[in-house]
Each structure stands twice: as structure tokens, then as C-alpha cells.
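Input: a single structure, listed below in C-alpha cells.
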Amino acid sequence: MNKKLGKQTIRFANGINILSYASIAGQKEGEGPLAKYYDKVLEDAEWGEDTWEKTESKMQKSAVSRAVEKAEIDIKDIEYLFAGDLLNQCISSTFGLRDFGVPFLGVYGACSTMAETLGLASSMIDGGFANTAVAVTSSHFCTAERQYRFPLEYGGQRPPTAQWTVTGSGSMVLTRQGNGPYITHFTAGKIIDAGVADANNMGAAMAPAAADTLATHFRDTEKIPQDYDLILTGDLGKVGKSIAIDLLAEEGFDMSENYNDCGCMVFDIDKQDMHAGGSGCGCGAITLCGYIMDMFRAEKIKNLLFVGTGALLSPTSTMQGESIPCVAHAIAISAKGE
């Protein structure tokens with residue numbers, strides 16, 4: 001079997017089994033339309049910790065622990081942890097997971113991290129190097145604001161294109177064998193820089209990367225959008241979603257019937273006044289590791305293409321006047337494998 005399709009897509013031999021999943025969501029996310037699908041909704045932004053960064057680490061630890069518990073295995077059975085987040089040196093992941101005693105592979109893909117960790121963990125299993133691995137990521141509104149924008153006390157006005165960083169963590173346990181759903185393909189994205197420099201317009205910055213990866217996936221696999229029950233991007237929000245639809249239409253792919261974005265789903269954008277929608281690593285993670293996987297279990301979805309979208313900026317690059325390079329990674333999930 002040829003596992004490499006085209007230039008960027010991997011086809012896993014037998015599909016990688018999703019054994020279990022878990023999601024931890026923030027208070028505001030718990031007021032949104034997907035609330036009942038989360039394993040835990042926080043009562044407040046601190047969750048008993050004295051810093052928001054410690055809260056985010058606690059979310060990751062709890063998401064992994066809950067997924068392992070639902071899998072009815074022991075943390076010692078996990079051979080590798082693939083994890084990342086938005087903070088410098090990925091401290092939410094390293095501090096959150098340090099007590100598990102499991103080999104750790106830190107990943108930085110910005111908000112594309114859920115898809116990237118799933119792709120790397122699946123590759124490790126498919127290659128015969130592990131039987132069980134975990135993919136996990138997180139974000140927190142307050143930690144992201146402190147690092148990337150302004151102190152919350154500043155109370156700056158947000159433009160209409162701005163998105164709200166999701167407070168949440170999602171985790172999946174992957175195994176070589178099981179009853180599915182299965183991860184069947186991984187399309188790794190290229191870095192795409194459309195020249196957008198506005199950190200309050202992430203959707204416009206990331207949409208070209210999402211469109212490029214989607215078009216590449218369709219060509220590599222010889223599939224069309226209609227082969228999937230749902231195509232889901234991670235956090236383009238209203239602005240980026242519209243741009244991605246237009247860009248893919250120019251490439252000959254009709255996304256009008258079965259495409260949505262987690263940033264448009266996780267909040268009730270109008271009632272909760274989220275401007276352009278949700279963003280952050282946790283946006284795609286809690287939607288995928290909650291609502292979407294529950295839809296698979298209920299047999300309401302059979303084929304999904306999940307595209308994590310990430311803006312690879314830093315406070316330093318922004319202060320130096322750089323534009324925002326972006327990346328998107330695609331994961332195909334099927335109820336019955338290939």
C-alpha cells in the first residue's frame with residue numbers, strides 16, 4: 001500500500017482508532033450552543049488556581065486524565081504524549097503534563113495544534129513505533145490576551161473582525177486497533193503568508209492557508225468536498241470562513257453545502273457578542289473532542305475532514321512589524337476506516 005498521496009498527504013494503512021476523547025470548557029463556552037457535549041465546564045476563569053496560566057495547565061491535565069479514564073486504561077499505558085498550546089515555550093503543556101511520567105513531544109502549530117498532534121501521533125502508531133498515544137492542546141482567553149494583546153484591565157475596544165480566544169482543552173487517545181472512528185489521512189500544510197499584519201483579523205490571515213491545505217487534500221486524495229459529511233476548519237470565524245469559501249470556489253471546489261468553522265459554532269456569536277467568533281487552540285479541540293465525536297458515536301456523521309488553522313505570529317514578530325504567516329493541517333476521520 002502506498003502511504004504517501006501526492007506531495008503532502010499520508011494515508012494510514014488501516015486507520016488509527018480513536019479510543020476515547022475528552023473536553024474541558026470555560027464558563028463562557030459553557031453558555032454556548034455546544035455546552036452539553038463538554039465533559040467539564042469551569043465555574044470561572046481561575047478554577048481554583050492563582051494564575052490563568054496554571055488554570056490552563058490544569059485544563060490540559062484534566063482533559064488527558066478524563067480521556068484516559070474513559071478509555072479504561074492506565075496513564076502508564078500511554079506511550080507518547082503529543083501536546084502544545086499558544087504560550088511561550090508551550091508552558092501550559094509542559095507544566096500540565098509533567099507529572100504523568102509519559103514520553104512527551106511538544107508541538108507548536110498555534111491554533112492548528114489539535115490537527116498537528118493528531119497527525120503526528122497517528123504517524124507514530126501507523127509506523128509501528130507505538131500502540132497508544134495521546135494528542136492534546138488548550139487555550140485560555142486570559143492567558144492569550146496577556147501574551148498577545150493587552151492586559152484585561154486595559155479594556156480596549158475590539159474591532160468587528162476580532163475573535164474571542166476559547167478557554168478550553170481537548171484530548172484524544174489513539175490506538176492501533178479498535179472499533180473506530182478512525183483517522184485515515186493526514187495532510188500537512190505549508191506556511192502561507194498572505195501579507196495580513198492585523199492581529200485583530202486572524203480569520204483573514206489564516207483563510208489562505210486553510211484553502212491551500214483543503215485544495216491540496218482534495219487533489220492528493222482525488223476526493224471532492226461532497227465526499228465528506230462535514231468539512232470543519234478550526235477557528236477562521238465568520239470573516240475567515242467566508243474568505244475560504246471564495247478562495248476554494250476559485251480553485252473549483254464548492255464548499256457551500258457541508259462546510260462549517262468551529263469558531264462559528266462554539267459560541268452563539270450574536271447573543272454572546274463574540275464579534276467574528278471563537279479562536280485559539282481550544283476552539284477546534286473542544287468542538288472536535290466533544291460535539292463532533294459524539295455525532296460520530298451517534299452515527300450522525302460518518303466522514304469528517306477537520307482542518308486545524310494556525311497563525312504563527314509572536315509578540316516579538318508583531319512588534320517588529322512582521323506580517324502573520326499561517327499554516328493549516330487536515331485530518332480525515334471515518335466511522336469505518338478507508
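The values are calculated or read from the model by the stated rules, or taken from the named source; none is laboratory data. Fair warning: this is a prediction, and the values are worked out from it, not measured in the lab. We place every Cβ from the backbone using ideal geometry, glycine too, and count neighbours over all the protein chains shown.
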Would you point out the residue of segment 2-43, among those that are touching a Ser or Thr at 6+ places or on another chain (Cβ under 6 Å) and of a type in the set (Gly, Ala, Ser), that is surrounded by the most Cβ atoms within 10 Å (Cβ to Cβ)? 26
Set 69, 79, 46, 53: member being surrounded by fewer than 23 Cβ atoms within 10 Å (Cβ to Cβ) and more than 20 Å from residue 286 (Cβ to Cβ): 79
Exactly one condition in (1) free of Cβ contacts under 8 Å to residues at least 24 places away in the same chain; (2) under 28 Å from residue 121 (Cβ atoms) is false for residue 256; which is it? (2)
Would you be able to say whether some residue in segment 313-322 is assigned to a strand (DSSP E or B), in the same structural domain as residue 196 (by TED's automatic domain parsing) and not hydroxyl-bearing (Ser, Thr, Tyr)? no
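One line per residue, one yes/no per condition, for (1) within 25 Å of residue 136 (Cβ to Cβ); (2) crowded, with 24+ Cβ neighbours inside 10 Å; (3) without any contact (Cβ under 8 Å) to a residue 24 or more places away in the chain:
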residue	(1), (2), (3)
238	no, no, no
246	no, no, yes
285	yes, yes, no
312	yes, no, no
326	yes, yes, no
329	yes, yes, no
Restricting to segment 248-266, what's the tally of residues that are within 17 Å of residue 328 (Cα to Cα) and out of contact with any Leu (no Cβ under 9 Å at 6 or more places or on another chain)? 0
Can you give me the number of residues within segment 35-68 that are part of a helix (DSSP H, G or I), free of Cβ contacts under 8 Å to residues at least 24 places away in the same chain and either among the charged types (D, E, K, R) or farther than 20 Å from residue 290 by Cα (or both)? 1
Name the residues in segment 159-210 that are of a type in the set (Gly, Ala, Ser), within 24 Å of residue 259 (Cα to Cα) and in a loop (DSSP other than H, G, I, E, B), would you? 162, 180, 188, 189, 194
Filter segment 164-203 for residues that are of a type in the set (Gly, Ala, Ser), surrounded by fewer than 24 Cβ atoms within 10 Å (Cβ to Cβ) and closer than 29 Å to residue 80 by Cβ and give the result. 178, 180, 188
Contacts under 9 angstrom Cβ, first residue in segment 79-92 being free of Cβ contacts under 8 Å to residues at least 40 places away in the same chain, partner surrounded by fewer than 23 Cβ atoms within 10 Å (Cβ to Cβ) and assigned to a strand (DSSP E or B), 6 or more apart: 89/106; 90/106
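Step by step: first the residues of segment 85-102, then only those that are part of a loop (DSSP other than H, G, I, E, B) and among the aliphatic types (A, V, I, L, M), then the one that is surrounded by the most Cβ atoms within 10 Å (Cβ to Cβ). Which residue is that?
86
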Subset tally (residues that are farther than 17 Å from residue 20 by Cα and either touching a Lys or Arg at 6+ places or on another chain (Cβ under 7 Å) or surrounded by fewer than 20 Cβ atoms within 10 Å (Cβ to Cβ) (or both)) for segment 131-153: 10
